[in-house]
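Let me begin by presenting the structure, written as C-alpha cells, before commenting on it.
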Amino acid sequence: MNAAPFNLLCPFQINWVRDRAPLAMGEKSRRIGWTWTQALAAVMDRAEGDKGDYWHSSADMTASGEFIGECATWAEMMNAVATVSSAPEIIDEDSGISAFVMRFANGRKIVAGSSNPKFFRSKGGAAGLDEFAFHRDGRELYKAAHATAMFWGYPLRIWSTHNGPGSAFNGMIQQARSGKLKASLHKVTILDAVEQGIVERIEMRKRKLADVPAPDAKRRQEFLDEMRSTCPDEDTWNEEYMCVPSTDASSLLSYDIMRPCEVANLSLLDVTSTFTGAGSMYAGFDVGRKRDLSVLWVIEKIGDVFWTRIVRTFDRVNFSAQEGAINTLLQIAAVKRLAIDSTGIGLQLSERLQQRWGRYRVEAVNFTAAVKSELAMPVRRLFEDKLIRIPQDDAVREDLHSVRKIVTAANNVRLDVDRSDTDGHADRFWALALAYHAADDNVRPLRAPMARVGGLQ
C-alpha cells in the first residue's frame, strides 16, 4: 500500500489507523481530523479486499455525505478504483433508510448513513460511529453496530467529542477506563494535537504545500490562544477541546441562568468606600481554609433586585486583617447584617465579631451538608427569577458555576464542588449565599450540629 498518505498524518492519527483491536474508542478534541483519518482507514481496508464492507454512521446525512467525499479523496490519492453514488441510495426498502455508497472494483463497499439503529440491522462488516455522544439513542445504536461488526470478527470504531457526563459515550469511556469494557482507548486533546503537529498540517493544506512546515512554537501558541480566547467560558473550552464532559447540566447555576444577571462594567466598592446608596446592604463572609480563599460578598437591595456592591477576596491574608476589613464594613450603617462561615477556623473569627456587633447583626453559620443545601437552593431561585445582579467576570462566573447538584441513589440531593488549584473552592458562591441569607426578612438561625456531651452526640 502507498505510504504517502501517512506523511499527512499526525502521530495520533497514525495510531488510530494502525490500531487492530476489535473495539477502539477515541475521546477527542473538535476539528483535529479524526473522521478524515477514519476515512483513510476505511478506504485502505476496502482496497485490500479482505476486510469486508464498512458501515459508517454520522449524526446526520450531511456529515455522511462529507465522509464519503473524504473517502473518495483518499481513494484517488491511493489510485484505488472505486465509484461513489451522487445521491443517497435506498438501502432498506421496509424502513426507507438511505445512505451514500462507495463501491470498489473488488466488490467491497463503504456505506455512510444516518444515526438510526435500523441502519445496522441485517448488515455485516466493520462499523464506525462518528460523534457518538451526539446520537439521539446511543445505547441502541451501539447495540446494533456491535452485532454488525463484532459477531463475525470485524472491528468497531467509536469516536466523539464529549456531550455532557450523562451521554452513552462518556459512560462507555468510564467503563473502559475501569476495565469493565474491553476496548482500546485513544484520548487526544487540542494540546496533544498541537504538540503532534496539527497546526503545521492545517497550514500545509491551506497553502497546498508539498511538505509539512517545520514546527513553529510561536505559531502553535498563537493558534491555541486564539482558540481559547474565542470560547465563551471554561466549560465550553474543556468539553469541545480538552476531552472533559461539560458539567453545565448538573451545575446548580448554569451559564444560561447566570448570563442574564451579569452586568458588564459593574462598579464595585471597597470596604473603605463611602456608601451613598439608597438601599439596605447585606454581607456574607466565607472563611478560607488551607488553599481556599476567604471571600466577602456584599449585596444591596433596591426594590426587588439585589445588586452586588463588593466582592473582595483574601488570598493568604492573615485573620487580623480580615477581621479589620469586616469591622470597617460593619461601621457602615446601611450594612444591616452579616452572615459568616463559622466552620473550623472560622469559629473564633465569628465569635469575636458577634461579641462586638451582636448576634443579630452577625450570624455565625456552621457549614453542614444540610445547611449548605438550605443556603444554596434560594440562590438558584434568585438567579432563575433574575433578581440578582453580579459582575461580568470570568473568575466570578466559574466559581458560581462550580457547585454541582448531585442526586444520590436514594434520591437525595447533595452538593459537590469542582476545586480549582488556583482560585478556590466555590468560595465566592458561598459568600453570596451567606449574603442572601443575611438579607432574609424572616431571619432564623440555620440549624447547627448537635453539641457533644460526655463524648457522645
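Couple of notes before you dig in:
- Per-region count, the stretch 342-367, residues assigned to a loop (DSSP other than H, G, I, E, B) and either surrounded by 15 or more Cβ atoms within 10 Å (Cβ to Cβ) or not hydroxyl-bearing (Ser, Thr, Tyr) (or both): 9
- Some residue of the stretch 271-279 being in a loop (DSSP other than H, G, I, E, B), of a type in the set (Phe, Trp, Tyr) and either at pLDDT 95 or above or over 28 Å from the mean Cα position of the chain (by Cα) (or both): yes
For (1) closer than 22 Å to Arg389 by Cβ; (2) of a type outside the set (Phe, Trp, Tyr); (3) in the same structural domain as Ala364 (by TED's automatic domain parsing), each residue gets a yes or a no:
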{"site": "Ser273", "(1), (2), (3)": "yes, yes, yes"}
{"site": "Ala278", "(1), (2), (3)": "yes, yes, yes"}
{"site": "Phe306", "(1), (2), (3)": "yes, no, yes"}
{"site": "Ala325", "(1), (2), (3)": "no, yes, yes"}
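Quick grid of which residues meet (1) free of Cβ contacts under 8 Å to residues at least 12 places away in the same chain; (2) over 25 Å from Ile158 (Cβ atoms); (3) under 37 Å from the mean Cα position of the chain (by Cα):
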site	(1), (2), (3)
Thr83	no, yes, no
Ser86	yes, yes, no
Glu93	yes, yes, no
Ser98	no, no, yes
Asn106	no, yes, no
Ser115	no, no, yes
Lys123	no, no, yes
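- Test: residue in the stretch 296-318 that is part of a helix (DSSP H, G or I) and at pLDDT below 95: no
- Some residue of the stretch 244-257 being over 26 Å from the mean Cα position of the chain (by Cα) and surrounded by fewer than 21 Cβ atoms within 10 Å (Cβ to Cβ): no
- Filter pass, Ala339 being among the small types (Gly, Ala, Ser) and surrounded by 15 or more Cβ atoms within 10 Å (Cβ to Cβ): yes
- Any hit, the stretch 409-419, residues being crowded, with 19+ Cβ neighbours inside 10 Å and either touching a strand residue (DSSP E or B) at 6+ places or on another chain (Cβ under 6 Å) or modelled with pLDDT under 90 (or both): no
- Residues (surrounded by 12 or more Cβ atoms within 10 Å (Cβ to Cβ) and closer than 15 Å to Ile198 by Cα) located in the stretch 216-234: Asp216, Arg219, Arg220, Gln221, Glu222, Phe223, Leu224, Met227
- Inspection of the stretch 422-430 identifies no residue that is of a type in the set (Ser, Thr, Tyr), within 21 Å of the chain's Cα centre (by Cα) and either closer than 19 Å to Leu296 by Cβ or modelled with pLDDT of 90 or more (or both).
- Count of the stretch 25-43 residues which are touching a residue at least 40 places away in the same chain (Cβ under 8 Å) and more than 18 Å from Gly124 (Cα to Cα): 11
- Counting only residues that are in contact with a helix residue (DSSP H, G or I) (Cβ under 7 Å, 6 or more places away or on another chain), touching a residue at least 60 places away in the same chain (Cβ under 8 Å) and part of a helix (DSSP H, G or I), the stretch 5-24 holds 4 of them.
- Any pair with Cβ under 7 angstrom, 6 or more apart, that starts in the stretch 369-389 at a residue that is assigned by TED's automatic domain parsing to the domain that holds Leu432 and under 13 Å from His437 (Cα atoms) and ends at one that is of a type in the set (Phe, Trp, Tyr) and part of a helix (DSSP H, G or I): Pro378/Tyr436; Val379/Tyr436; Leu382/Tyr436
- A count restricted to the stretch 368-386 and to residues that are in contact with a helix residue (DSSP H, G or I) (Cβ under 9 Å, 6 or more places away or on another chain) and part of a helix (DSSP H, G or I) stands at 10.
- For the stretch 147-166, the candidate set comprises residues that are surrounded by 19 or more Cβ atoms within 10 Å (Cβ to Cβ) and either of a type in the set (A, V, I, L, M) or over 25 Å from Pro11 (Cβ atoms) (or both); within that set, the residue that is nearest to the chain's Cα centre (by Cα) is Asn163.
- Counting residues in the stretch 177-188 that are surrounded by fewer than 17 Cβ atoms within 10 Å (Cβ to Cβ), in contact with a helix residue (DSSP H, G or I) (Cβ under 6 Å, 6 or more places away or on another chain) and within 14 Å of Asn7 (Cα to Cα) gives zero.
The values are calculated or read from the model by the stated rules, or taken from the named source; none is laboratory data. The model shown is predicted, which means the values in this text are computed figures rather than measured ones. Every residue, glycine among them, receives a Cβ derived from its backbone with ideal geometry; neighbour counts consider all protein chains shown.
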